[in-house]
Amino acid sequence: MIPIILCIATGILAGFLVRNTGFVKYTGTLLTVVITLLFFFLGVSVGNNEQVVRNFASIGLDAFILTVGGTLGSLFCIKWIDDKFF
Amino acid sequence: MKQSLVYLLFFITGVALALNGLIPELLLGSDISKWVLFFLLFLVGMQIGSGKNMFAALKRYGWKITLIPLATTIGTFSGVALVSLLLPDRSLTDCLGVGAGFAYYSLSSILITEFRGAGLGTVALLANIMREFSVLILAPWMVKRFGKLAPISAGGATTMDTTLPIITKFSGTEYVTIALFHGMIIDFSVPLWVSFFLSL
């Protein structure tokens with residue numbers, strides 16, 4: 001967890017320092033390239049993992065259940081906040 | 001949308017190459033992906049640090065605006081904790097780690113794969129894609145049933161980019177600043193929550 005926080009914190013500081021330069025325009029593009037590359041690697045590790053390939057249907061169902069829980073939870077909570085404070 | 005298709009294409013290419021054994025051993029054993037991940041986190045930080053929208057929203061709405069990302073976080077974790085009872089094979093912290101993706105499927109799935117391997121990483125990928133997709137298709141219903149802040153909360157980290165046009169359309173243009181502020185806060189919290197839950 002420490003290296004993760006360090007990477008983000010250094011990034012925020014660097015971003016703040018260069019916020020008024022032209023360099024900022026390229027961070028979005030660079031981010032897209034890096035994410036695309038990582039998606040390829042993610043695909044490779046999924047394809048190499050026999051467990052994942054064989055259990056894809058049950059993985060999908062688990063994902064669906066977690067999505068329904070998380071999304072509905074946030075909807076009920078925001079409705080309560082909205083009624084109460086806004 | 002076009003961007004998501006490019007991601008998907010690269011992901012599927014990776015799966016297909018690996019399934020057919022076409023990936024050289026050299027690439028598999030190395031930890032290149034870990035260093036690329038660190039670089040990715042650095043870039044995410046840079047985007048946050050160079051953003052100017054955050055303080056504008058704070059000035060306009062005051063402290064109350066912070067309640068919105070708070071509601072998203074508490075609501076998501078409570079909901080996930082509840083449904084995790086239906087998934088006895090998965091630990092509560094793994095479920096919360098997936099939920100902490102807040103629809104930011106690229107970052108969360110990559111991070112989780114690094115922590116727990118491709119199994120939970122794939123759960124995170126699918127779950128968070130579904131969450132983003134649910135906003136894209138259900139936003140009108142969310143607004144009607146849960147109020148105008150609902151698609152913002154459901155959209156999680158994506159309310160500053162991919163789901164922003166939908167939110168603007170169904171909640172109204174006056175919600176754009178809120179959506180940007182909300183997206184930025186949640187965006188920032190994703191890697192922190194994910195690594196927190198998975199290191200427990």
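General observations
- Taking chain B as a Gaussian network of alpha-carbon nodes connected by springs under 10 Å, the highest mean-square fluctuation of the residues B:Ser109, B:Ser189, B:Ser50 belongs to B:Ser50.
- Global form of the protein assembly as shown, assessed from the alpha-carbon gyration tensor, a/c cut-off 1.5: oblate
- Overall, the anisotropy analysis places chain A in the oblate class: the square-rooted eigenvalues a ≥ b ≥ c of its C-alpha gyration tensor yield a/c not less than 1.5, with a/b not exceeding b/c.
- Between segment B:1-25 and segment B:98-131, the alpha-carbon centres lie 17 Å apart.
- Helix-only CD estimate at 222 nm, as mean residue ellipticity for chain B, using -39500 (n - 2.57) per DSSP H run (n ≥ 4): -25000 deg cm²/dmol
- Anchor B:Lys64: lysines whose Cα lies under 26 Å away (excluding residues fewer than 8 positions away in-chain): A:Lys79, A:Lys84, B:Lys52, B:Lys144, B:Lys148, B:Lys169
- A Gaussian network model of chain B, with springs between Cα atoms under 10 Å, assigns the largest mean-square fluctuation among B:Phe102, B:Phe170, B:Phe11 to B:Phe11.
- Note on A:Lys25 and B:Asn20: their simple-model spin labels are 4.0 nm apart, each label 7 Å out from Cα toward Cβ.
- Sequentially through segment B:71-79, phi angles give Karplus couplings (6.51, -1.76, 1.60; θ = phi - 60°) of 4, 4, 5, 5, x, 4, 5, 5, x Hz, Gly and Pro residues having no value and appearing as x.
Read-outs throughout are calculated quantities, based only on the coordinates presented, and are distinct from any laboratory measurement. Everything quoted here is computed from the prediction, not taken from an experiment. As a convention, Cβ positions derive from the backbone with ideal geometry for all residues, glycine included, and neighbour counts pool all protein chains shown.
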